[in-house]
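The structure is given below, and queries will be raised subsequently.
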Amino acid sequence: MYLRNKDIDARLFLEKDETLQYRTECLQLERTPTKNNPNEDSPGGFPQTPVRTAMNTIQQLMMILNSASDEPSDNLMSYFNNCTANPTQDILKRVENLGCVFRERFAEAVGQGCIEIGSQRYRLGVRLYYRVMESILKSEEKRLSIHNFSKLLNNNIFHLSLLACALEVVTATYGTPRNTSLNDRTIMETDLSFPWIIRIFDLKAFDLYKVIESFIKAEPNLTREMIKHLECCEHRIMESLAWQSVSFEYIRMSCLLVCLYKCRFGKFPE
């Protein structure tokens, strides 16, 4: 420029002076704010808050169970009828008896004013129980090419564990109701979270553990949050709950038998 015009353009010395620059970038930022987090709300979406997540889980569960029946379906009844020893009456009687236990313990924990809520939740749990049971039997029928599930369907622990798992899903989905007393203006809240369900049914934690994976596979419509919850139950069982029912005497005898086996055969049992 100097050779051409015989002069120096003073503006060249001001290019890096921020105080004299036209700040288009700042103006652009003010007009259209950018998002630092790509997971933030989009114009057509809503924030995924804990409350919204809980509502979505409840809605998904209701979609699964609205069309379900409180009684075994025709397909499930056909499995019962194919058994060497028909388990229908035992299953129905067990569901009735456990319903009394659940409603009574639910009312004790939450308050007598929530008896109807307990009945509703048990009814949902029974629907899910029948639904998952039918799905498991269909899967096993296809895998094993058999139609007689008499041994499984007459197993009390299997039914107790499967129903407990279904009720855990329902209880965890809805959470703990709050019962407000108008007389003393107090709010009572009781924790119904796991392992409450196995305690009221006097069910061993490891028996529940054995059905959780099959339960998840049999019900593909479970939400991600509920699958995570059941997996957390699995981890808690294996970390602590499964060992609480094992007596010290049993552990001592087991160690003694292992030592005797090693002394006799020179190796640990496989």
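The values are calculated or read from the model by the stated rules, or taken from the named source; none is laboratory data. Bear in mind the structure is a predicted one, so any value in this text is a computation, not a measurement. Neighbour counts run over all protein chains shown; Cβ positions are idealised from the backbone, glycine included. The accessibility values were calculated without ligands, DNA or RNA, using every heavy atom of the protein model including side chains. Shrake-Rupley method; radii C 1.70, N 1.55, O 1.52, S 1.80 Å.
What is the mean projected area of the alpha carbon convex hull for the stretch 68-122, to one decimal in square nanometres?
4.2
For the pair residue 78 and residue 147, how long in nm is the line joining their label points, each one 7 Å along Cα→Cβ?
0.9
Run the 1.4 Å probe and let me know the accessible area of residue 71, rounded to the nearest 10 Å².
My reading of the accessible area for residue 71 is about 110 Å².
Still on this structure, I have one more. Full extension from residue 138 to residue 217: what is 0.36 nm times the residue separation minus their Cα-Cα distance, to one decimal in nm?
27.2 nm
Would you mind counting up the charge near residue 205? Only other residues with Cβ under 15 Å from its Cβ, with Lys and Arg at +1 and Asp and Glu at -1.
Its environment carries a net charge of -3.
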